[in-house]
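Structure first, then comments.
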Amino acid sequence: MSPPPVPGTPVPGEIVPPVPRVFIVDDHALFRAGVRSELGTVVEVIGEADEVPAAIEMIGERQPDVVLVDVHMPGGGGQAVIEGVGLEHPAIRFLALSVSDAPEDVIAVVRAGARGYVTKTISGPELIEAVIRVAGGDAVFSPRLAGFVLDAFALTPEDSPAMLDPELDQLSPREREVLRLIARGFTYKEIGAELTISTKTVESHVSSVLRKLQLSTRHQLTRWAAERRLI
């Protein structure tokens, strides 16, 4: 019996779909090189970035079919990339590729708009298959992670306030980043360095968050975030 073909390998007589155009976002150059090697010629890698602002700009310019994005990077990580691109370019699909299998990471990027989430233990053929499926409109998750998503979206608003919260939804992606860092005890200066913005801009974002949430102090802000498991 012949072994099954590697995902993406043409079968005689089959109508071959267009090769997916892929963009890679990860802050480790060796890992990006490894992903390029694993993907081979089955997909077309049209670019890569190692930080959030550059990724958002280049993805918007190059219009890939699928973005492979790491979850944890300086400046907001995969969630910030997805939210920074998604509104203006809804046709672009995102597949998170991370060492983390923490439920909160999975839920955060799915809520931001990712079509899938796989861990970096995935094999080359499995990654190729995942990219092709996401390019075709499917949602793809590592088996254990799929359960996190199903469980989270089955919860009521009372059970999962961070998932379904009109107050949180009124905040911009940048305001959410500032909110999380404030709640974790970062100073304005430290937040500015982390997000590559000025201290004055941080102050402006904090003021906006306080106004939208109808809070008056940093302590109240921290407690609000803790209650919604955002810290």
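The values are calculated or read from the model by the stated rules, or taken from the named source; none is laboratory data. Everything numeric here is computed off the predicted structure, so don't read it as measured data. For neighbour counting, all protein chains shown are included, and Cβ atoms are generated from backbone atoms with ideal geometry for every residue, glycine included. Remember, those area values only see protein heavy atoms, side chains included, never the ligands or the DNA or RNA. Shrake-Rupley method; radii C 1.70, N 1.55, O 1.52, S 1.80 Å.
Take the residues in region 113-150 that are among the polar types (S, T, N, Q) and in a loop (DSSP other than H, G, I, E, B); name whichever of them is nearest to Pro173 (Cα to Cα).
At the first step, the residues of region 113-150 found to be among the polar types (S, T, N, Q) are 119, 121, 123, 142.
Imposing the further condition that a residue be in a loop (DSSP other than H, G, I, E, B) reduces the set to 121, 123, 142.
Values: Thr121: 29, Ser123: 32, Ser142: 26 Å.
Per the criteria, the residue is Ser142.
Counting residues that are modelled with pLDDT of 80 or more, which helices (runs of 4 or more DSSP H) fully inside region 161-205 reach at least 1?
On the way: elements: 166-169, 173-183, 188-195.
By residue number, 173-183, 188-195.
Between Ile128, Ile132, which is open to solvent by 20 Å² or more (accessible area, probe 1.4 Å), of a type in the set (A, V, I, L, M, F, W, C), at pLDDT 90 or above and at negative phi?
The conditions single out Ile132.
Counting only residues that are assigned to a helix (DSSP H, G or I) and free of Cβ contacts under 8 Å to residues at least 24 places away in the same chain, which one in region 206-223 is least open to solvent (accessible area, probe 1.4 Å)?
The qualifying residue least open to solvent (accessible area, probe 1.4 Å) is Leu210.
Just to be sure, is Arg115 open to solvent by 30 Å² or more (accessible area, probe 1.4 Å) and modelled with pLDDT of 85 or more?
Yes: the conditions hold for Arg115.
So which residues in region 30-59 are open to solvent by less than 60 Å² (accessible area, probe 1.4 Å) and either without any contact (Cβ under 8 Å) to a residue 12 or more places away in the chain or in a strand (DSSP E or B) (or both), if there are any at all?
Within region 30-59, Ala33, Gly34, Val45, Ile46, Gly47, Glu48, Ala49, Ala54 qualify.
Checking the conditions here, which among Gly124, Gly113, Gly75 is within 13 Å of the chain's Cα centre (by Cα) and touching a residue at least 60 places away in the same chain (Cβ under 8 Å)?
Of Gly124, Gly113, Gly75, the one residue that is within 13 Å of the chain's Cα centre (by Cα) and touching a residue at least 60 places away in the same chain (Cβ under 8 Å) is Gly75.
Out of region 60-112, which residues are in a strand (DSSP E or B) and aliphatic (A, V, I, L, M)?
Listed by number, the residues that qualify are Val66, Val67, Leu68, Val69, Leu95, Ala96, Leu97.
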